[in-house]
Amino acid sequence: MNSNDDVPKSALKTFRFSDVDEFRSAIRGLNFEFTPFVRKISAEQTILSLPGCDVNLTHAFPRVVDAQLVGNCTAIGFTMDDLNVPVRFNGSQRARPVVVIGSGGAAYTTVEEVQRQIASVVFRPEVQDRGWPPTLSSFKIFEVSAAGLHRLRTVVREVLAEASDPVAAPELSLKSAAMKETLLGAVDDAFESVVSSRWTLGPNDGRNFRTFQDIRALLSEDLSQPIYSDEIARKLGLSVRTMHDVVRRYRGMSLHRYLRLRRLWLVRRRLLAGADSVKAVALAFGFWHLSDFSRSYRDQFGESPSQTLGRGRGQ
């Protein structure tokens, strides 16, 4: 009879999602909020859990993301594809080989306009004394050499491929330690290949990012109320023009377009939960012109609000 240690095990798991809220609830290690750009999602997440290290590969969907890393860890992120539409990260968008880094409590925002393959490696506890860039309250982005990014991608693919086959626990333990060390070395190499680039000054400016976070916090206080730009700008000590410019830089769209999209998705979540009525939910999120709301809802989701509510009630 085999002992438990002899039983083949795998630390690798893959999850597939077609439901936005299922995907939302599966995110680990982040305080995470997103607004999709598409009616239906098709997402896949592969997670490799090693002692002191998680490797995540996500086939994502077009969306806006706001996230904050949990405490006592260091996260490294990079794309696994080369598309002509780069991710907008903390307000900047460049088609360059880049790596992002954040430590416990650091936040970031992205706009992903097309489907992407994104990898992250999360080390626990927080990585220190390896010469990696400090991050403070927000993630930082660094342009690296194409060779440095290629090595990171290659190591992630090789680690995931090796971990896909079950192995006995003693062998898994030995492999896990070696895999983590290889990942650390690949990140070391990437940061040793950092290219000095002026364009990274903007997304790495903590003051600009805090201004955006302040705007986002005020906008999120009560999405059912009308948004008066001059009032919000006054509370933040900004001009209306500056506030709109900041939102457009970090969101890639106007303030009002983003808020409308965000409200439509919040309405949909409420309807799928079995709300009292379409009208009550629409009004609760600031849609006073009900025929315009219904038209926008159908354009966004391909069905009427009442059809969504019916599905939420199991009809």
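The values are calculated or read from the model by the stated rules, or taken from the named source; none is laboratory data. These numbers come from a predicted model, not from an experiment. Here the Cβ is made from the backbone with ideal geometry for all residues, glycine too, and neighbour counts use every protein chain on show. Surface accessibility is based on the protein's heavy atoms, side chains included, excluding ligands, DNA and RNA. Shrake-Rupley method; radii C 1.70, N 1.55, O 1.52, S 1.80 Å.
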Q: Send over a whole-number figure in Å² for the accessible area per residue of the chain, probe 1.4 Å.
A: 50 Å²
Q. Counting Lys +1, Arg +1, Asp -1, Glu -1, what net charge surrounds S197 among other residues with beta carbon under 15 Å of its beta carbon?
A. +2
Q | the chain - charge dipole about Cα centre, Lys and Arg +1 at Cβ, Asp and Glu -1, debye rounded to 20 | A | 1320 debye
**Q.** J(HN,Hα) series, the range 32-49, from Karplus relation 6.51 cos²θ - 1.76 cosθ + 1.60, nearest Hz, glycine and proline x
**A.** 10, 9, 8, 10, x, 9, 10, 5, 10, 10, 9, 10, 9, 10, 10, 10, 10, 9
Q: Given the options K140, K235, K40, state which has the largest fluctuation in a GNM of the chain using a 10 Å cut-off (strictly under) for Cα springs.
A: K235
Q: Given the options G302, G252, G105, state which has the largest fluctuation in a GNM of the chain using a 10 Å cut-off (strictly under) for Cα springs.
A: G302
Q: Go through K40/K235; K140/K279; K40/K180; K13/K40 and tell me which ones have a Cα-Cα distance over 32 Å in this structure.
A: K40/K235; K140/K279; K40/K180
Q. Once a ≥ b ≥ c are taken as the square roots of the eigenvalues of the Cα gyration tensor of the range 210-295, is the result rounded (a/c under 1.5), prolate (a/b larger than b/c) or oblate (a/b not larger than b/c)?
A. prolate
Q) Between the helical axis of 206-220 and the dominant principal axis of the chain, each derived from Cα atoms, what acute angle in degrees is found, rounded to the nearest 10? A) 50 degrees
Q | Average silhouette area of the range 90-234, convex hull of alpha-carbon atoms, in square nanometres | A | 12.2 nm²
Q | Local electrostatic count, E113, Cβ distance below 13 Å [Lys/Arg +1, Asp/Glu -1] | A | +3
Q | Dipole of the chain, positive direction: furthest Cα of I47, A107, I232, with charges on the beta-carbon | A | I232
Q: Report I118's accessible area, 1.4 Å probe, all protein chains in place, as a number in Å² to the nearest 10.
A: 40 Å²
Q. Round to a whole number: what % of the accessible area of the chain belongs to carbon and sulfur, probe 1.4 Å?
A. 48 percent
Q: For the range 166-287, give the magnitude of the charge dipole about the Cα centre (Cβ charges: +1 Lys/Arg, -1 Asp/Glu; no others), in debye to the nearest 20.
A: 780 debye
Q: Over every pair of different alpha-carbon atoms in the range 21-147, take the mean of 1/r and invert it; report that Kirkwood radius in Å.
A: 15.0 Å
Q. Which entry in (1) 30, 22, 19; (2) 29, 28, 17; (3) 37, 27, 16 matches semi-axes √(5λ) of the Cα gyration tensor in Å derived from the coordinates of this structure?
A. (3)
Q. Using a 1.4 Å probe, how large is the accessible area of V85, given in Å² and rounded to the nearest 10?
A. 50 Å²
Q. How much accessible surface area, in Å² rounded to 10, belongs to the heavy atoms of H244 with a 1.4 Å probe?
A. 50 Å²
Q) Stretch F15-V195 to full length: gain in nm at 0.36 nm per residue minus the Cα-Cα span? A) 61.3 nm
**Q.** Order of exposure, largest accessible area first, which applies to F32, F78 with probe 1.4 Å
**A.** F32, F78
(Q) Between R207 and R269, how high is the FRET efficiency from 1/(1 + (r/R0)^6) when r is the Cβ-Cβ distance and R₀ = 35 Å? Nearest 0.05. (A) 0.55
Q. Which residue fluctuates the most in the chain, going by a Gaussian network model with Cα springs under 10 Å, if the choices are W288, W199, W265?
A. W288
